[in-house]
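Below you'll find the structure, written out as structure tokens, and then a few comments.
The values are calculated or read from the model by the stated rules, or taken from the named source; none is laboratory data. Since the model is a prediction, treat every value here as computed from it, not as a measurement. No Cβ is skipped: glycine too gets one built from the backbone with ideal geometry, and neighbour counts run over all protein chains shown. Protein only, heavy atoms only, side chains kept; ligands, DNA and RNA dropped before computing areas. Shrake-Rupley method; radii C 1.70, N 1.55, O 1.52, S 1.80 Å.
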Amino acid sequence: MGDLPLDINIQEPRWDQSTFLGRARHFFTVTDPRNLLLSGDQLEASRNIVQNYRAGVATPGLTEDQLWRAKYVYDSAFHPDTGEKVVLIGRMSAQVPMNMTITGCMLTFYRKTPTVVFWQWVNQSFNAIVNYSNRSGDAPITVRQLGTAYVSATTGAVATALGLKSLTKHLPPLVGRFVPFAAVAAANCINIPLMRQRELQVGIPVTDEAGQRLGHSVTAAKQGIFQVVISRIGMAIPAMAIPPVIMNALEKKDFLKRRPWLGAPLQVGLVGFCLVFATPLCCALFPQRSSIHVTRLEPELRAEIQAQNPSIDVVYYNKGL
């Protein structure tokens, strides 16, 4: 068996990202919770394989499938722009186990104000970590900016939850069960832009098709953040809309009335089942490497790009997750 050829493009995902199916297969791999069980040595070994291959050195005896596996292990744990290792709960592979626990508890303990406040705070704290860990670009953000964004986003989420709770307390119980979803949807519109405010101030890197950096664009950052907000809300819909309906029906049955302690684990399990599919499928709504037409960029950046290479019509950027 000969050495592995060096012309495999591991800068891009293994599957065609111009199709929803290709993006879905990619994100089913990236969000696989089993990646969380990998040791630090396994992550470093995968990083070395990927970095060596990109430098033109193939590990002896490495097969193509092993190369792609190393790439996806690397992508699951390291930031694509900065190259830094992402904190464990900030990785996309932690989305299903973390969200199934937090969302399940939000949907179970929604009746009393203290538990609403606590679980909304936990959820937005987790979201803040995820949003920062999966930001686009490599521009640094100060501790003060990070703290301000976190406090603002968490306060907004808790206020939204409490406001909606007070508005629905005289409505049927089923309506009250959807308060956590409405709060999460509204909070995503607050949390994500705030945690990624640095991108809205200085822009994110845009490149040509070959990956050559051309500059930074605030317009691309706005488009990317909007796409992420839509994906996150879509991600929450099945997990926060289907279990309440099922649980509302089950709680009227004698089985759960005699075993009320089963309510929370059953709800968490239902949420987890929904998230296993919703997380990768909603991540796949938009390409990770998104594009924007040069004519839509800021005038200064557009002029600079056209002066350097008039043939470039479209530029590319990492939208974040």
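Under a GNM of the chain (C-alpha, springs under 10 Å), which listed residue has the highest mean-square fluctuation: ASP208, ASP16, ASP254?
Among ASP208, ASP16, ASP254, the largest GNM mean-square fluctuation belongs to ASP254.
Say the dipole of the chain comes from +1 at the beta carbon of Lys and Arg and -1 at that of Asp and Glu; which of PHE118, LEU67, GLN223 then lies farthest toward its positive end?
PHE118
Which three extents, in angstrom, do the Cα atoms of the chain have along their principal axes, listed largest first?
Largest first, the chain extends 65, 53, 35 Å along its Cα principal axes.
Which order do PHE286, PHE78 take by accessible area at a 1.4 Å probe, largest first?
PHE286, PHE78
Just the number please: accessible area per residue for the chain, 1.4 Å probe, all protein chains included, in Å².
Value for the chain: 49 Å² per residue.
Taking a threshold of 32 Å on the Cα-Cα distance, which of the pairs LYS169/LYS319; LYS85/LYS165; LYS85/LYS222 fall above it?
LYS169/LYS319; LYS85/LYS165
How many angstrom lie between the Cα centre of region 262-300 and the Cα centre of region 4-60?
Each part's Cα centre sits 20 Å from the other's.
With contacts defined as alpha carbon pairs under 8 Å and 6 or more residues apart, what's the relative contact order of the chain in percent?
20 percent.
List every residue whose amide H lies under 5 Å from the amide H of LEU214, counting only residues 5 or more places away in sequence or on a different chain, with H placed 1.01 Å from N in the peptide plane.
VAL206, THR207, ASP208
Roughly what angle does helix 20-30 make with the longest principal axis of the chain, taking Cα atoms, 0 to 90 degrees, to the nearest 10?
80 degrees
Normalising by the residue count of region 12-169, find the relative contact order in percent from Cα pairs under 8 Å and 6+ residues apart.
Here the relative contact order equals 20 percent.
Apply 1/(1 + (r/R0)^6) to the Cβ-Cβ distance of TRP121 and LYS252, taking R0 = 35 Å, and write down the FRET efficiency to the nearest 0.05.
Efficiency for this residue pair is about 0.70.
Decide, for region 1-71, between rounded, prolate and oblate: order the square roots of the alpha carbon gyration tensor eigenvalues as a ≥ b ≥ c, take rounded if a/c falls under 1.5, and otherwise choose prolate if a/b is larger than b/c, else oblate.
oblate
Give me the angle, in degrees from 0 to 90, between the Cα long axis of helix 179-195 and the longest principal axis of the Cα atoms of the chain, rounded to the nearest 10.
Between the helix axis and the principal axis of the chain, the angle is about 30 degrees.
Taking a spot 7 Å from the Cα of THR295 along the direction of its beta carbon, which residues of region 180-219 have an amide N less than 18 Å from it?
Of the residues in region 180-219, 219 have backbone N under 18 Å from the label point off THR295.
What distance in nm lies between label points placed 7 Å from Cα along the C-beta direction at GLN145 and GLN42?
3.5 nm
Looking at the chain as a GNM with Cα springs under 10 Å, which of VAL57, VAL30, VAL73 has the largest mean-square fluctuation?
Most flexible of the set in this elastic network: VAL57.
Set Lys and Arg Cβ to +1 and Asp and Glu Cβ to -1, take the dipole of region 178-321 about its Cα centre, and tell me which of LEU194, GLY234, THR295 lies farthest positive.
Result: GLY234.
Taking Cα pairs under 8 Å and at least six residues apart, what relative contact order does region 183-262 come out at, in percent?
Computed over region 183-262, the figure is 24 percent.
Connecting C-alpha atoms closer than 10 Å in a GNM of the chain, tell me which of ASN188, ASN309, ASN123 has the biggest fluctuation.
Of ASN188, ASN309, ASN123, the most mobile in the Gaussian network model is ASN309.
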